[in-house]
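Asker: Provided herewith is a single structure, encoded as structure tokens, for subsequent inquiry.
Bear in mind that the values in this text are calculations on the coordinates, not laboratory data. The shown structure was predicted, so the numbers you read here are calculated from the model rather than taken from an experiment. Cβ placement follows ideal geometry from the backbone for every residue including glycine, while neighbour counts extend to all protein chains displayed.
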Amino acid sequence: MANSFASKAFTALSDLHPNMANLKIIGVVIGKTDVKGFPDRKNIGSERYTFSFTIRDSPTYFVNATSWGNEDYIKSLSNSFRVGECVIIENPLIQRKEIEREEKFSPATPSNCKLLLSENHSMVKVCSSYEVDTKLLSLIHLPVKESRDYYSLGDIVANGHSLDGSIVNVLAAVRSVGEPKSFTTSDRRKGQRCEVKLYDETESSFAMTCWDNEFILLAQSWMPRETVIFAADVRINFDKFRNCMIATVISKTIITTNPDTPEANILLNFIRENKETNILTDENASYLKESINLNTIVDVYTVEQLKVKALKSEEKVEPFYGILYAYISTLNIDDETVKVVRNKCSSCGYIINEVSNTCTTCNKDSSGFKSVFLSFHMLVDVTDHTGTLHSCSLTGNVAEETLGCTVDEFLAMTSEQRTALKWRFLLERSKIYLKFVLSPRTRGGLRISILSCRLADPTEASRHLSGQGHIYN
């Protein structure tokens, strides 16, 4: 710690165990809930108040702390510090946490303990940033989940209803922060609501709703088109009113602002380039990109070989290409809850924001809005005898050629016809030309685009799979 605290003996969070006494703990606050009141069972007619926060003292350890007391004490304590500040906790009660019950509503922590703060016995002191070791303060920029463990916004949209109600992690940039809106509940409690619009390389606008005042305060510090966030444990739901997927900040959520990770830095570079040059993503500009001569792609891979090649090529940024003889194992074209056709902007090729019905990439407002066109935009899984490639992008003309129908023809199909079309591919081996871009931003480390997919000639496929063709080693 810094010199101011060098002589003070702090107990590391990793050393905590139940019933320890007379402790002094120092940590940075990485999460915090609103103050809530509950009827006091011992004093009928009165209320007890509580709030919780999460502190961290190392990259690997953080714990939840809860304080109970009267209204004045709890509100005063809660108002004394915010997320991002460092606190010293003296004489907390150390309890073993009931993981299944408590982590249903509280942030998941690596510790098997929790802190209970008593109004009569415990003390919380806020430290000046000048007194604290910078290594401790830097922990505020370290996500509480593994940096590659997240969904892209495009994955969430593509999965649709299958993710409804799921708790996931999200890495995204902030497009806009709405004004907090006040409301009063049926039991006359006052609250606030704030909507944040997010975006990344795969989706131009995605809503995240905050109901907790602490998160709303945090969101007000974010700079649109400059701030990147890692939101651990947000809830994903389908919003029936807006007919789209949205994220909601819940009591389990911990949000890391401008995380110091390779994946966040890549996204930060993307938003800076996009802000300055209006650059398009590889996937969304696919209909404008140069055509690739499939005859120049000759290397045949198995799924396992592709994953090995990706691991060996982590430092390279150039795309690579290959052929796979495999089955399409997931093709949700007959699931009404999964969107496979999207509106795209005729000017830039970016997916249209379905809420505002405008292109947020090439037009600042709807007055200059260009025409749109319908395009296939889906994620499929591809499987061979060695494994599966998840979330391969199948879009535009390639998707039309693969399915053997135009978008209009597909939309005119009955559910039964779409199911029959799907099973044509799920039962047959295909010859698939693929483009691979190494990307830590994706869950598997690869962004995979299908360049061509046709039913394979059985003799040709058998020759390659038996090792007689030009197979990559």
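Asker: What residue among Trp222, Cys210, Thr256 has its Cα farthest toward the positive end of the dipole of the range 183-257, where the charges are +1 on Lys, Arg and -1 on Asp, Glu, each on the Cβ?
Answerer: With unit charges placed on the Cβ atoms, the residue in question is Cys210.
Asker: In the range 85-133, which trypsin sites (Lys or Arg not before Pro) fall in coil by DSSP and have 16 or fewer other Cβ atoms within 10 Å? Present the calculation step by step, with values, prior to reporting the outcome.
Answerer: Working: sites: Arg96, Lys97, Arg101, Lys104, Lys114, Lys125; in loops: Lys97, Lys104.
Filter output for the range 85-133: Lys104.
Asker: Take every Cα-Cα pair in the range 33-101 and report what % of them are more than 16 Å apart. Write down the numbers at each step before the final one.
Answerer: Values: 1332 of 2346 pairs.
Here the long-distance tail beyond 16 Å is 57 percent of all Cα pairs in the range 33-101.
Asker: May I have the pair-distance distribution P(r) for the range 5-121, computed from all Cα-Cα distances with 5 Å bins from 0 and rounded to whole percent?
Answerer: The percentages, shortest bin first, are 2, 11, 21, 24, 22, 13, 5, 2, 1, 0.
Asker: How long are the semi-axes of the equivalent ellipsoid of the range 146-243, defined as square roots of 5 times the Cα gyration tensor eigenvalues? Whole Å, largest first. Each step should come with its number before you reach the end.
Answerer: On the way: eigenvalues 106, 60, 30 Å².
Value: 23, 17, 12 Å, ordered largest first.
Asker: Within the range 177-208, which trypsin sites (Lys or Arg not before Pro) sit in a loop by DSSP and count at most 11 neighbouring Cβ atoms inside 10 Å? Don't jump to the answer; show the numbers that get you there.
Answerer: Values: sites: Lys181, Arg188, Arg189, Lys190, Arg193, Lys197; in loops: Arg188, Arg189.
When the trypsin sites (Lys or Arg not before Pro) of the range 177-208 are filtered for loop state and at most 11 Cβ neighbours within 10 Å, Arg188, Arg189 remain.
Asker: Which of the residue pairs Lys181/Lys339; Lys190/Lys339; Lys75/Lys125 have a Cα-Cα distance greater than 26 Å in the structure shown?
Answerer: Details: Lys181/Lys339 31 Å; Lys190/Lys339 37 Å; Lys75/Lys125 15 Å.
Pairs exceeding 26 Å: Lys181/Lys339; Lys190/Lys339.
Asker: Which distance in nm do the two modelled labels at Arg82 and Glu146 give, with both placed 7 Å along the Cα-to-Cβ direction?
Answerer: For the pair Arg82/Glu146, the computed spacing is 3.4 nm.
Asker: Oh, and also: In the range 31-114, what GluC sites (Glu not before Pro) fall in a loop by DSSP, with at most 12 other Cβ atoms inside 10 Å? Numbers along the way, then the final one.
Answerer: Details: sites: Glu47, Glu71, Glu85, Glu90, Glu98, Glu100, Glu102, Glu103; in loops: Glu85, Glu98, Glu103.
Here the sparse-neighbourhood loop sites are Glu98.
Asker: Name all residues of the range 88-108 having a backbone nitrogen under 20 Å from the label point set 7 Å from the Cα of Asn19 along its Cα→Cβ direction, giving them as ranges.
Answerer: Answer for the range 88-108: 91-99.
Asker: Cα extents of the range 9-54 along the three principal axes, largest first, in whole Å?
Answerer: Principal extents (Cα only, largest first): 42, 25, 14 Å.
Asker: Please work out the Kirkwood hydrodynamic radius for the range 122-190, using every pair of different C-alpha atoms, and report it in angstroms with one decimal place. Walk me through the numbers on the way to the answer.
Answerer: Details: mean 1/r = 0.0585 Å⁻¹.
Taking the inverse mean of 1/r over all distinct Cα pairs, the range 122-190 comes out at 17.1 Å.
Asker: So how far apart, in nm, are the two label points at Trp211 and Phe38 if each is 7 Å from Cα heading toward Cβ?
Answerer: Placing both labels 7 Å along Cα→Cβ, they lie 1.7 nm apart.
Asker: So if each residue of separation counts as 0.36 nm, and I subtract the Cα-Cα distance between Thr419 and Val308, what length gain in nm does that give? List each step's numbers first, then the result.
Answerer: Values: separation 111, 0.36 × 111 = 39.96 nm, distance 3.41 nm.
Additional length available on full extension: 36.5 nm.
Asker: Here's another thing I want to ask about it. Would you mind computing, in nm to one decimal, how far apart the modelled labels at Glu90 and Ser251 are, each placed 7 Å from Cα along Cα→Cβ?
Answerer: 3.0 nm
Asker: Report ³J(HN,Hα) in whole Hz for each residue of the range 256-270, in order, from the Karplus equation J = 6.51 cos²θ - 1.76 cosθ + 1.60 where θ = phi - 60°; Gly and Pro get x.
Answerer: After applying 6.51 cos²θ - 1.76 cosθ + 1.60, I find 9, 8, 6, x, 8, 9, x, 5, 5, 5, 5, 5, 4, 5, 4 Hz.
Asker: Quick check: residue separation of Ser166 and Ser58 times 0.36 nm, minus the Cα distance between them. What number comes out in nm? Could the numbers behind the result be given before it?
Answerer: Details: separation 108, 0.36 × 108 = 38.88 nm, distance 2.87 nm.
Fully extending the segment from Ser166 to Ser58 adds 36.0 nm.
Asker: Which FRET efficiency value, to the nearest 0.05, is calculated for Met223 and Arg188 with the Förster distance at 35 angstrom and r the Cβ-Cβ distance? If you can, show how the numbers build up before the last one.
Answerer: Details: r = 36 Å, r/R0 = 1.02.
Efficiency computed from Cβ-Cβ geometry: 0.45.
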